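**Student:** First, the structure itself, so that you have it in front of you.
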C-alpha cells in the first residue's frame, strides 16, 4: 500500500523547492522537478526541448533508470511531476496514490516483441504459435494480456535481458521484449536482421511516456500544471520538427547512445507520437474511449479489483 504523506504542504515546500528559487537568475520562477523513468533518450526529447522559462517555470529534468519508482514519488508528494505509463495509474490509485495523467506522448505504445527476421513471421501471434524462447518480464499487464490472448504453451519464458542482444544473436528461435525505438535499432547494426511487432497489435495499447502529477498537487497548483502542460506540448512540437539540437544535449547527458542512434530512434518514434488524431487535435491528447478500454482490460486482468472511471485517471488542462 502506498501511503500519501499527511503533511503535504510542508513536503511540497521542502522537497519540490516551490519557494521560487535563485538558480541561474530564475528567482521569479517556480522551481519544479520532472522525474523521468529512464535515461535521457529520444522518448523524452520534448521534455528536454521545452522552454519552461517562457512559462515562468524553473524545471529540473531528472534522469531515471531501471527501478526508478516514479509513480510512488509522485503519489507520496516527493516530486510534482514524473513520467509513467498509463497502465500504472489505475493500480496506483487503488493502492492509495492518487496519480493523474496530464499529457500522453506516445499514442501508440512503443513496447514490442523482437525476433529474427529469418523466422519469417508476419504477425505478432506467430511468435506464440511457434515453439521458441521469449525473454519477457512476467507479471506485467501486457505480458498477462498476451498470455490470455495467445497462450504461452509453446514458449519457454525467460527473464528479459533489458537490451542485451547476446542470446538474440546466438539462438535462432529467440524472441525478446523491446522498445521499438531501441533494441531493434541495435539489432539492425548486426548481421542478424530483426523483425519487430508492436504489442499494440494485440489490442493492448496504453498511452506511454505520460506526464503525471498527483490529485493534490493539481488541485493546489492548477495554474502551474497548466503552464507545465503547455510548455511540454510546445517542447514536443519543437523536438518533432527538429530533434538534432536536443539530441546533442541529451547525448552529453547520456553518451552511451551515439548521435546516429539518437536520430534513428527519433525517426522511429515519430509515427507513434504523431497520429491522425493528434494532427486533428493536438499532441499529447487523451480520450475517455481509450482510457475506458484500458480500464476494462486491467479489470479483466485483475490488475485492479474495482472499476475506475476514466475521469479519475486523466485531465485535459488545455481544453478543446
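**Student:** Provide the packing ranking of 189-201, 39-51, i.e. peptides ordered by the mean count of other C-beta atoms within 10 Å per residue, highest first.
**Tutor:** Numbers: 189-201: 16.4, 39-51: 23.4.
Result, highest mean Cβ count within 10 Å first: 39-51, 189-201.
**Student:** If I build a Gaussian network model for the chain, linking alpha-carbon pairs within less than 10 angstrom, which residue out of 188, 135, 248 has the largest mean-square fluctuation?
**Tutor:** Its mean-square fluctuation being the largest, the pick is 188.
**Student:** How much of the DSSP bridge set in the chain is antiparallel, in percent, rounded to the nearest 5?
**Tutor:** Taking every DSSP beta bridge with both residues in the chain, the antiparallel ones total about 55 percent.
**Student:** Roughly how many Å is it from the Cα centre of the range 68-131 to that of the range 220-268, as a whole number?
**Tutor:** 19
**Student:** Would you calculate a helix-derived [θ] at 222 nm for the chain, using -39,500 (n - 2.57) for each DSSP H run of n ≥ 4 and dividing by the full residue count, to the nearest 500? Numbers along the way, then the final one.
**Tutor:** Details: 15 runs with 120 residues, N = 320.
Calculated at 222 nm, the ellipticity per residue is -10000 deg cm²/dmol.
**Student:** Here's something else I'd like to know. Kindly state, as a whole number, the per residue volume in cubic angstrom of the convex hull around the alpha carbon atoms of the range 24-77.
**Tutor:** 91
**Student:** Pick from 296, 256, 122: which is most flexible by mean-square fluctuation in a GNM of the chain where alpha carbon atoms under 10 Å apart are linked?
**Tutor:** 256
**Student:** What does the highest-first list of 223-229, 280-286 look like by mean Cβ count within 10 Å?
**Tutor:** Working: 223-229: 19.1, 280-286: 17.3.
In decreasing order of mean packing, 223-229, 280-286 become 223-229, 280-286.
**Student:** Across 5 Å bins from the origin, how do the percents of Cα pairs in the range 117-202 run, short distances first?
**Tutor:** Percent of Cα pairs in each bin: 3, 14, 27, 30, 19, 6, 1.
**Student:** Would you mind giving the three semi-axes, in whole Å and largest first, of the ellipsoid equivalent to the range 194-305 according to its Cα gyration tensor?
**Tutor:** Equivalent-ellipsoid dimensions as semi-axes: 27, 22, 15 Å.
Computed from the coordinates by the stated procedures, all read-outs in this text should not be read as laboratory data. What you see is a predicted model; the values in this text were computed from it and never measured. Counting neighbours? That spans all protein chains shown, and the Cβs are built from the backbone with ideal geometry, glycine included.
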